[in-house]
Amino acid sequence: MSEIASLFSNFANITWQEAVMWIIGGVLIYLGIKKKMEPTLLVPMGFGAILVNLPLSGAVTQGSEVGVLDLLFNTTIANEVLLMLLFIGIGAMCDFTPLLSCPRMMLFGAAAQFGIFFTISLATALGFSLQDAASIGIIGAADGPTSIFVGSYYNTKYLGAIIVAAYSYMALVPIIQPPVIRAITTKKERMIRMPYNTNHVSKTAKILFPIIVTAIAGIVAPKSVALIGFLMFGNLIRECGVLDSLSDTAQNVLPNLVTLLLGIVVASQMKAENFLTVQTIMIIALGLVAFIMDTVGGVLFAKIMNLFTPKNKINPMIGAAGISAFPMSARVVNQMALDEDPTNIILMHAIGANVSGQIASVLAGGIILSLVPKL
Amino acid sequence: MNSTFLQSLRIMGVGMLGIFVVTIVLIAAMVILTKIFPAGKEKKEKDSREN
């Protein structure tokens, strides 16, 4: 009888904090499945949140017994290996042709990183250390892997909250961006037409582009070489034309494999004692600020540019597509233009700004690594 | 005003400036690339090889 009782003794170890984490895990699974919010990440993360918060869970380290999720975290994410592989996949999925046909769209990618730096300052004002603030601010990169990369680099204890915020807001771009854009633009501005010249881009230019970007970014911010280099390596595989099977693997199998592990391994950072804190709520709020200020930065920059080029005006909504949430942001902006005028299609410009946001966010991550010292 | 906040303002200035500088260099590189290797030239070479 006592042996049977001992089988259930672990029930006594359940804490209310763990029960709350099960609910949070359940919510993440619900959002992923029912609302289709980044399901590839939120479903494994939700399940992982439950897994690591079972009392005395064998999935995470307990005393001297190493848990498999902690082991995987230390060998794949803490040393950035898994993320680098994911960057190859992202690079292979990116088509930079719309950017090469209209290079000035790159400016919006840069302007829309403003939210990152604004949030870093705000986080330090709220009492976070500079390293934690940098890890929080990078949520504004609107690029999950970059957020994980920077957070892991600074070994922040808030990694779980940062990742949940980053991926949740990426999925919420269609809800976050439109009201912000409407608040800072007029209807007349939203109706500005932008003729798209279908400038064809040569294959040679497309092949040289990733090599040149890597060289320039690497010389300016050497710490960004790993990030941008792997991204551009993936793009080179795509564009060179002689590695079709590798390109196919990099675009499909590789990201799927990495993502399969990423979500559940990242959940090892969602232990109740680390996650259920006031700081988590602050991080969730700061992440929203980062996305809003990215959008504001991009749109206002476009409006400033219009002051100098009155004959060749830019629809300021394009600036909002400069955040890296690809291709959702471009679609949102194009849809908003169509809502104002059903014949005004700005998709190609928006995609140009959106892919440039992908480069700029990785660049911003690299620049932060150069500017904020590791503890 | 704590020193970390002031440091973060400096990071904001230098960081945004850094991104824009790299961006401008990249735009210049893209313009030069598409001028040196225009699509039309490649297409003509391909056509002449086919003929």
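The values are calculated or read from the model by the stated rules, or taken from the named source; none is laboratory data. Bear in mind the structure is a predicted one, so any value in this text is a computation, not a measurement. Every residue, glycine as well, gets a Cβ built from its backbone with ideal geometry; the counts of neighbours run over all protein chains shown.
Before moving on, here are some points about what is shown:
- Residue satisfying condition, being surrounded by fewer than 18 Cβ atoms within 10 Å (Cβ to Cβ) and closer than 24 Å to A:Gln131 by Cα, within set A:Ser370, A:Ser324: A:Ser370
- Per-region count, the range A:54-74, residues within 22 Å of the chain's Cα centre (by Cα) and modelled with pLDDT under 90: 2
- Residues that are under 21 Å from A:Gly140 (Cβ atoms) and among the hydrophobic types (A, V, I, L, M, F, W, C), drawn from the range A:306-342: A:Met317, A:Ile318, A:Ala320, A:Ala321, A:Ile323, A:Ala325, A:Phe326, A:Met328, A:Ala330, A:Val332, A:Val333, A:Met336
- Test result for A:Ala92, aliphatic (A, V, I, L, M), closer than 30 Å to A:Ile351 by Cα, in a helix (DSSP H, G or I) and modelled with pLDDT of 90 or more: yes
- Residue in the range B:19-27 that is at pLDDT 90 or above, farther than 21 Å from A:Pro222 by Cβ and at the interface with chain A (Cβ under 7 Å from one of its Cβ atoms) present: yes
- Whichever residue in the range A:112-122 is more than 8 Å from chain B (Cβ to nearest Cβ) and among the small types (Gly, Ala, Ser) and, among such residues, is farthest from A:Ile90 (Cα to Cα): A:Gly115
- Qualifying residues in the range A:16-43 (those that are charged (D, E, K, R) and buried (at least 17 other Cβ atoms within 10 Å of the Cβ)) - the one nearest to the chain's Cα centre (by Cα): A:Glu38
- Taken as a whole, the condition of being facing chain A (nearest Cβ under 7 Å), more than 17 Å from A:Ile216 (Cβ to Cβ) and either β-branched (Val, Ile, Thr) or in contact with a Gly (Cβ under 7 Å, 6 or more places away or on another chain) (or both) applies to B:Val14.
- Pairing each residue of the range A:311-329 that is more than 16 Å from A:Met191 (Cβ to Cβ) with any residue that is acidic (Asp, Glu) and modelled with pLDDT under 90, provided the two are 6+ apart or on different chains, yields C-beta distances under 8 Å for A:Ser324/A:Asp143; A:Ala325/A:Asp143.
- Conditions (1) surrounded by fewer than 24 Cβ atoms within 10 Å (Cβ to Cβ); (2) within 21 Å of the chain's Cα centre (by Cα): number failed by A:Ile318: (1)
- When we screen A:Asn256, A:Asn235 for residues that are more than 12 Å from chain B (Cβ to nearest Cβ) and touching a Pro at 6+ places or on another chain (Cβ under 7 Å), the only hit is A:Asn235.
- Every residue from the range A:171-202 that is charged (D, E, K, R), in a helix (DSSP H, G or I) and surrounded by fewer than 16 Cβ atoms within 10 Å (Cβ to Cβ): A:Arg182, A:Lys187, A:Lys188
- Restricting the range A:90-104 to residues that are small (Gly, Ala, Ser) and crowded, with 24+ Cβ neighbours inside 10 Å leaves a set whose member that is nearest to the other protein chains (Cβ to nearest Cβ) is A:Gly91.
- As a summary of the residue check, A:Lys157 satisfies the conditions (1) outside any loop (DSSP other than H, G, I, E, B); (2) in contact with a helix residue (DSSP H, G or I) (Cβ under 7 Å, 6 or more places away or on another chain); (3) away from every other protein chain (no Cβ under 13 Å); (4) in contact (Cβ under 8 Å) with a residue 24 or more places away in the chain except for the one numbered (1).
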